[in-house]
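What follows draws every value from the coordinates through simple rules; no lab data is involved. All values derive from a computational prediction rather than experimental measurement. Using ideal geometry, Cβ is built from the backbone for each residue, glycine included, and neighbour counts are taken over all protein chains shown.
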Amino acid sequence: MSIIDELKWRGAINQQTDKAGLAELVDEKSVGLYAGIDPTGDSMHIGHLIPFMILKRFQLAGHRPHILIGGATGSIGDPSGKKAERVLQTMDQVHHNEACLTKQMEHLFGQDGSFKIVNNYDWLSKVSLLDFLRDYGKLFNVNNMLNKEVVASRLEVGISYTEFTYQILQSIDFLHLYEAEDVQLQIGGADQWGNITAGIDLIHKQKGADAKAYGLTIPLLLKADGTKFGKSEGGNIWLDPEKTSPYEFYQFWINTDDRDVIKFLKYFTFLDQDEIKQLADAVATHPEKREAQIRLAEEVTAFVHGKEAVVEAQHITKALFSGDVAALTASEIEQGFKKMPAVTVSPAKKNIVEWLVDDTQIESSRRQAREDLTNGAIRINGEKVTDTDAEIDPTSAFDGKFVIVRRGKKRYFLARVVG
């Protein structure tokens, strides 16, 4: 199966320029291709990941992916269909973000030299204003630029000349990579179609109408409920483990709707057709086992964070489900209890009743604390405590950093030991 046919099967193609020409090109040679990301933040989220999954597939098929980090374009911002202009970042912040994104890309694409990271600041910063106007501006028709969807969507509320020129700058990127790196294909989201075709037009004007340059866009990924893929109730799901822990990342995929899971397996994993078909059958016949969701979570978490992160996330999941939290490490507790109710306590030893009421406010009164203890409703670090005269030592477990309290069957509380 050709890479184009595979992308079609995965539902990952929205639009193509010259379908026959592109299909022929990828069959006859190792093709240089690219997708770009502007350093507007210091981490990608899973929505950003979609075009780079396509680049990764091309890499595995023997082609030559280039990741363009927009140090220049990111310093001015693209229109992106938003109602307001982007707030300009300082160049120090841009450079910091570049370094963070580069590290993430190197993790995703490996260290074997089969891909290349480039930064458009390296060439766009050398273009003078006069060169920009004479060599490039002359080749762009304003009427055509206004008709591009990403610009047209902003005309009612207004758009600055700075963001209006983004289309030209991105076109220069494609031309530069075509000339310097033999890049012939640009990959982007559905909203990038206008920018991609503008770049191809520039290449044809500069290199001739027979120059082989192509574009491919990916459909906007929607969930079964009609909402845009990529966010949870808590916000973005980041690739940076400090922003979204590997456990939270794993749980996001585990909680995928049955109606979406096969689509996501096609988009975000490298499993073949036979295995995905088997998982689709499992969803249809035994959805309660959530085999497809587990496989999805394993594959994507391993790709982004590594196999050890999968093992750790599964360990946390199992411990929370079974209540065997004593088996967790301090690091795993940081991940698994990140969003659970938390208080800070001193390291001093104290009577359990007083500690539950005065130090943590987990219990509303001493009477209620004694009743819950006597009834076996309180577990400290996984162990049931029924003695109302018991003494608690907050530093006795988890490297002296945490105390985990479970009240009833499901209510967990985290006490952080400070001092």
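Some observations on this one:
- Distance between the 7 Å Cα→Cβ label points at His286 and Lys307: 2.5 nm.
- Burial ranking of peptide ranges 309-319, 3-13 (average Cβ count within 10 Å, highest at the top): 309-319, 3-13
- Cα long-axis angle, helix 91-109 against the chain (0 to 90 degrees, to the nearest 10): 80 degrees
- The length gained by stretching the chain between His315 and Trp9 to full extension, at 0.36 nm per residue less their Cα-Cα distance, is 106.7 nm.
- For the chain, the relative contact order comes to 14 percent (Cα pairs under 8 Å, sequence separation of at least 6).
- Placing +1 on the Cβ of every Lys and Arg and -1 on the Cβ of every Asp and Glu, with no other charges, gives the chain a dipole of roughly 780 debye about its Cα centre.
- Degrees separating the helix 307-322 axis from the principal Cα axis of the chain, which is the longest one: 40 degrees
- Here the extension length gained between Ser125 and Gln278 equals 50.0 nm, from 0.36 nm per residue of separation less the Cα-Cα distance.
- Cα gyration tensor category, rounded, prolate or oblate, for the stretch 150-229 with a/c compared to 1.5: oblate
- Net charge, Gly306 excluded, C-beta distance under 13 Å - Lys, Arg +1, Asp, Glu -1: -3
- Net charge of the neighbourhood of Val183, taken over other residues with C-beta under 13 Å away and scored Lys/Arg +1, Asp/Glu -1, is +1.
- Residue ranges 335-341, 269-275, 62-68 sort as 62-68, 335-341, 269-275 when ordered by packing (mean number of other C-beta atoms within 10 Å per residue, highest first).
- Remark: for residue pairs Lys126/Lys266; Lys243/Lys410; Lys103/Lys266; Lys116/Lys307; Lys307/Lys349, the C-alpha separation exceeds 31 Å in Lys126/Lys266; Lys307/Lys349.
- Between the residues Ala327, Ser75, Trp355, the greatest Cα displacement towards the positive end of the dipole of the chain, with unit charges on the Cβ of Lys, Arg, Asp and Glu, is found for Trp355.
- Shown is the FRET efficiency for Ala23 and Phe270, computed with R0 = 25 Å from the Cβ-Cβ distance and rounded to the nearest 0.05: 0.70.
- The length gained on full extension between Thr90 and Ser114, counted as 0.36 nm times the residue separation minus their Cα-Cα distance, comes to 5.4 nm.
- Summarising the label geometry, the points placed 7 Å from Cα in the beta-carbon direction at Arg411 and His107 lie 3.7 nm from one another.
- Net charge over other residues, Cβ less than 9 angstrom from the Cβ of Trp193 (K, R count +1; D, E count -1): -1
- The stretch 372-415 versus the stretch 203-271: alpha-carbon centroid distance in Å: 41 Å
- R0 of 45 Å, Cβ-Cβ distance Glu181-Ala224: FRET efficiency to nearest 0.05: 0.70
- Look at (i) 23.5; (ii) 24.5; (iii) 33.9: the one that is Kirkwood radius over Cα pairs in Å derived from this structure is (ii).
- Degrees, to the nearest 10: 193-207 long Cα axis against longest axis of the chain: 30 degrees
- Treating r as the C-beta distance of Leu146 and Arg370 and R0 as 56 Å, the FRET efficiency rounds to 0.15.
- Summary value for the stretch 160-258: 22 percent relative contact order, contacts being C-alpha pairs under 8 angstrom separated by 6+ residues.
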